[in-house]
Structures are given as C-alpha cells and as structure tokens.
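The values are calculated or read from the model by the stated rules, or taken from the named source; none is laboratory data. Quantities reported herein were computed from a predicted structural model and do not represent experimental measurements. Using ideal geometry, Cβ is built from the backbone for each residue, glycine included, and neighbour counts are taken over all protein chains shown.
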2 protein chains.
Amino acid sequence: MFRNFKLVSNVIFGRGSFTQLEDILLKKHNNMPRTHVYVVDNVFQHSEFSRRIPAKKKDLLLWVNVDDEPKTVYVDSLTQAVKDWMTKEPGGLPASVIGIGGGSTMDLAKAISLMLTNPGSAADYQGWDLIQNPAVYHVAVPTLSGTGAEVSRTTVLTGPVKKLGINSDYTLFDQIVLDPDLVAGAPAWQRFYTGMDCYVHCVESLTGTYLNAFSQAYGEKAMDLCREVFLNPGPDSDDKLMMASYFGGMSIAYSQVGICHALCYGLSYVLGVHHGIGNCIVFNCLEEYYSQGVREFHEMLRKNNVELPRGLVADVDSAQMEKMIDIALTLAPLWENALGPDWQNIMTRDKIRSLYRLM
Amino acid sequence: MFRNFKLVSNVIFGRGSFTQLEDILLKKHNNMPRTHVYVVDNVFQHSEFSRRIPAKKKDLLLWVNVDDEPKTVYVDSLTQAVKDWMTKEPGGLPASVIGIGGGSTMDLAKAISLMLTNPGSAADYQGWDLIQNPAVYHVAVPTLSGTGAEVSRTTVLTGPVKKLGINSDYTLFDQIVLDPDLVAGAPAWQRFYTGMDCYVHCVESLTGTYLNAFSQAYGEKAMDLCREVFLNPGPDSDDKLMMASYFGGMSIAYSQVGICHALCYGLSYVLGVHHGIGNCIVFNCLEEYYSQGVREFHEMLRKNNVELPRGLVADVDSAQMEKMIDIALTLAPLWENALGPDWQNIMTRDKIRSLYRLM
C-alpha cells in the first residue's frame, strides 16, 4: 500500500508576492468581505513589516510567542481567543487562518485552524489521522525557511505526555505564499539553524530505508540547494533556501526523517531546546550513522561561522535522561526508516543514552 | 503579479500503485457505488493490462485512438458518447473521468471532464481561462512519461483554426497515479520521443527569460533525471523518467516552453506530426538557440540508437509553409520566454521559414 499523498493545492512564489495575499483571500472567498485570523510571530509586532499585513479592523490579529516550541495548551488558549472573538463577530467561523512566521508559527496556525472545527484539546489529536473534520481554510506565509512546515501534513506540538504532531491531510495548508523577500531579514544564526533542519531532513530521507524515486528526486535537489545556500551563497540564496525547504518537506512524503529527529524530539521535550538548534546539536554527534552528511555539516558550520553550544546534557539528571529516551523511542517510524525493521535490537536504551551523553 | 499556481491535489507514487485506483475512487466518493468513465488508449484494448482496469459493468470504458493528436471534434464526439451513455444510466454525470495512457490520452480525459460541465464545443475554450465551470473529478494514470500532461493546466488540442490548449485551473487533474511499472511496456522509440519532450521542456524553461527559482529547481532536477535515464540508464530508470516528467511539468509553472515547442505546434498542425517526435525533429535544428542542449540531445540520440526522420518539410507547398508559420506565431508567450519582449523583431517570418526548411 502506497500513501495517496495530499499536496498543498495553491502555491504562489516570487519576490514581493506577499502583496498579493489580500487579493488571494478575496478571490478565495468570491470577493465577499469576510473576516480572517492572522497568526503572526510577535517578533514582527513593532516592525515595518507589520504594517504590510493586510488585516482589517474586523479581523483578528493574534501575535504569538514562539520563544518556546508550540505546546498543546498554548494552541488551546489561542483557539479559545479566536472563539471569544467569534462571539463578538457575527458570522461564526473566520473565513481563513493565516500563519505568518517560521515553523512554530506556521504550526500554531495549522493547529488553530484544526481546533476551530474539532472538539476538545489539541492534545487529543497528537498522532496519525485522528482529526475528523476539515480545518478552516488556512494559509502559510513563511518568514523563515527550512522546516518544510509550509508543505507538511503535521503540526508538531508538545503535549502533556508527548511531543508529537497532529498528522492529518486536514493539517496541510490550502495555500502557501512563498516570498523570498520575507526571509531576508532573519538573523543569520536563526536562518542557519532553520536551514539545517532542511539539510538534516534530506540526509535522513536519502539514507533511509523508506526512500523511493519520488522522495529521492525532491531530497537530492533540496540537498543541492542547501549546499549552494550554505557553501556557495549568491544573490538568490533566499529564493533557493525557500525552494530547498519546500523540496525538503516534499521529500518526506514517501520517506521519513531519522535518528537525528527522533533524538531531537527527546531533547526538545525535556530541555525545551528549539527544533532547529536541537537538530544541529544532535546531528553533530551522529557521524557513526550519517558520516558524509555530518562531515559536510561541519563544513557548513565553519563556512557560516556558527559555534554550537556544547555540554547541554551534562547536568541532566537520570529521570530527565530516561524521559528523553522514552520520548525518542515513541518515534518508531523514524527509527525504522533509519535502521530497518530490526531497529529495536540496534537502538537500545543504552545506545541512546550514550548518544545523548555526547551532546 | 505572480501566478497563484494550482497543483494536482493528490499524488500516489510507487510500483504497483495502479492496483489502488479502485480504492482511491471509492474513498473519494465516500464509499458510495458511483459510475466512472475510463478513457483508455486503444493500444491496450486486447492487452493483459486491460484486465487490470477496475471498470465495472455500469461504468463506461472508452477506448480512444490517439494515432492522430487530439482534435476538438474528437473531444466533442467522445463527450457526446458519454452524454449518450448518461441518458441510459440514472444519476447524471459520472463521478469520475479516468485517463489511462500517454499525453494525448490524458489530454482527452481532461478535455472530456471539462466538456461534460461546460456547454458548446471544446474549440470554444482553446485559450487561457475561458472555462467557467469546474470539471468532473478527473484522474490520470500515465503509461508514458515525459509530456508532463499529468501535472499541467492545459489540454493541447487541434481545433478548426488553431492548435492551442484549454488552459485553466479546472483542466488540472484532481488525482494522479504514478506507477512506474506501467511505463515499462512502452516501445523504446515512443519512450524516447516522449522522454525528450521532458528534456526539451527543461532546456526551454531553464534558458528562458521567465525563469525563477521555483521553476529552476524543478527544471534542473528534471534535466538531471533525463540525463540519468537516457545517458546512464539503470534498474530504476522508469521511476526516474516518471519523476522527470512530473518535475518537467512543474517547471513550466512559472516559466514557459520556447522556440522548439512553438515551431513544433506549426509542424504538428499542418503535417500531423506527433508532439514527441515533432519536438525532436525541430530541436535537432535549433543549435543556434540551444547549443548545449542540442549537443546533449545528439548524444542521447546516439546512445539510444534513434535515427530521426529527415526532409520532412521538403514537399511542403507554400500555403502549408505559411500556415505553419501562422500557427507558430500565435504562441506569443513561448517566443517571449525564449527571446524576450523584442522577439517579434528577432523571429521574423523569413527566419521561421528558414528554420522549417532545415527539417
């Protein structure tokens, strides 16, 4: 059985394409005046860019804080904020939810659009295909590239008992607006860590046992683009990084990520480390599994003058360590992709512990 | 203004995925028994493969002849055949139209699905965005790869006065089933000519003035895959050719084809030459414009032992020649992509005539 893969149905790409967002929303809703919810990273709250967001008086502009990675309780409270706003606005559900920011912000927008039409808490839906009702029409405007959140069928959330995505065809965005001008302003370290998420996706996808020609074509090109951006940058690096993120995300369609992502989930859950930098810290220690990829990653670190934090796990107590291992081991498909069906005999708790100790 | 590009919303890829077609149709229609129209290249009519088509007694199986390239009158008569069948079947429109074959068959399936919900003749809609009503849900199952018809928003038709596609978001397939096993049986020459359509797409897209990073990423990877398939073939060449076709089609999203396709349209219209071989005959004579691409194409011809027909235009009378030139000149966006806004001063009727004389 092969997955019948659902794709984001509308893509606009180009420098300056963000100015067409308002027009896209109007066209989508047959030129009727409707209300929209904008979910925007609060780093933009007092920025020049904020004035370009086409929110009207009747719309809801939710400034979100992604200093921590998205939690299910945060999704629940944001969803409640939208519902409170709805009671004041006639017409029920908003016509659209638009996420503007990096992977965390896009994930929050996905989760809110799902939770507006599905009862209960976001934590109830962490897993695979648990969502019953289609989401509110939702749009992504990435301002950071690398995670592939703009094309993925998941929204990665930290819940009360696990870090796990809401994986569903309904999670997928209906529209993405890829404007390379918007990623130009990101701080260099953030751009690097987020970009490396894409690079690691590619390494894990291309070396995985799940790989097929579909995922390979996307993964190889995404990797080539990462190399251009982080080893031989040029004037169109932002455009290329945006395409790398898109292709890297598509590569996961028929493949999976692997050891790095599984270990990073544990690290993030227990220590609250952000996904981008967490991936880099983990990947840095995985030469045993991804030798060529890790060597090239080291070259990218040097070329971009990035120094990774070390000794992160030094002060972790044994309860925390065991929790990290528990979380990492929940990601069975990732381990199976990396190591094959026999992965449980290869990746023992001891082995995972020894890997974490390197970080 | 950038195009808000619509994508095929569901893709299944994998060897043997064709067996999931019935399940896909059932799921799409909420497990209700519905009737479907299968539009299938009649080369399969008495084949082993025909028994694998999941058509039921109540479905309509239309064997289509694509010896000639699709004509609007043929689309009209096939649409009428579906309407006649509908009068005998209660429930009105079929739930799905499924095209199984190469680019011509897929184009016929697209056109029928459009003409079932739009009045008049297919010839009325040759052009850009003239279609008013959404098509019947339609599915492509390519058995030849290269044209990109599975992902394009056009169905190329020869009408009473022009060869021009029905270009519309509604033209796009809703679902594609990419099963590399199905392209394995194609005759070598047909596989080559169809594959070269993809290669030429890439050359024209990548050298065009419309190119952006989106189209470039897809085009470069499609070209790499063509090189692997036609210069260094291996056991997964069918998978790669299928992905090359998909990527080549996607590359046109923000780009365009160019001189070869424009001239080929004229050649096909007047002499009835098929698109695949027509492209090869034209491209062979375009070293002046695409020197590197044409050199590599010659290498592919040699490597695959393909001998192109020559002297095709020798017996063309002057009325035919002028008609070929007329048709070629209608394709303004192709010329502009290749030669820039000043193309009309560069590509005179005399110049086009001299190029045709080489073929």
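Scanning segment B:225-245 for residues that are surrounded by fewer than 24 Cβ atoms within 10 Å (Cβ to Cβ), in contact with a helix residue (DSSP H, G or I) (Cβ under 8 Å, 6 or more places away or on another chain) and more than 8 Å from every other protein chain (Cβ to nearest Cβ) turns up B:ARG227, B:GLU228, B:LEU231, B:GLY234, B:SER237, B:ASP238.
May I ask you to say which residue of B:GLY278, B:GLY293 is among the small types (Gly, Ala, Ser), assigned to a helix (DSSP H, G or I) and free of Cβ contacts under 8 Å to residues at least 24 places away in the same chain? Exactly one of B:GLY278, B:GLY293 is among the small types (Gly, Ala, Ser), assigned to a helix (DSSP H, G or I) and free of Cβ contacts under 8 Å to residues at least 24 places away in the same chain, namely B:GLY278.
B:THR209 meets each of the listed conditions (1) over 30 Å from B:ASP68 (Cα atoms); (2) away from chain A (no Cβ under 11 Å); (3) in a helix (DSSP H, G or I) apart from (3).
Here is the figure for segment B:41-80: residues that are touching a strand residue (DSSP E or B) at 6+ places or on another chain (Cβ under 7 Å) and β-branched (Val, Ile, Thr) total 5.
Contact map, segment A:246-260: residues that are within 11 Å of chain B (Cβ to nearest Cβ) and crowded, with 24+ Cβ neighbours inside 10 Å paired with residues that are in a helix (DSSP H, G or I) and among the basic types (Lys, Arg), Cβ distance under 7 Å, separation 6+ or inter-chain. Pairs shown: A:PHE247/A:LYS221. In the set (1) modelled with pLDDT under 95; (2) over 17 Å from A:HIS138 (Cα atoms), A:HIS29 fails one condition alone, (2).
Listed by first and then second residue, the pairs linking a residue in segment B:82-101 that is part of a helix (DSSP H, G or I) to a residue that is at pLDDT 90 or above, with Cβ atoms under 6 Å apart and 6 or more places separating them unless they lie on different chains, are B:VAL82/B:VAL37; B:TRP85/B:LEU60. Listed by position, the strands (runs of 3 or more DSSP E) contained in segment A:133-183 that have at least 2 residues being within 14 Å of another protein chain (Cβ to nearest Cβ) are A:138-142, A:175-178.
Looking only at segment B:51-81, residues that are over 18 Å from the mean Cα position of the chain (by Cα), buried (at least 17 other Cβ atoms within 10 Å of the Cβ) and assigned to a strand (DSSP E or B) come to 2 in all.
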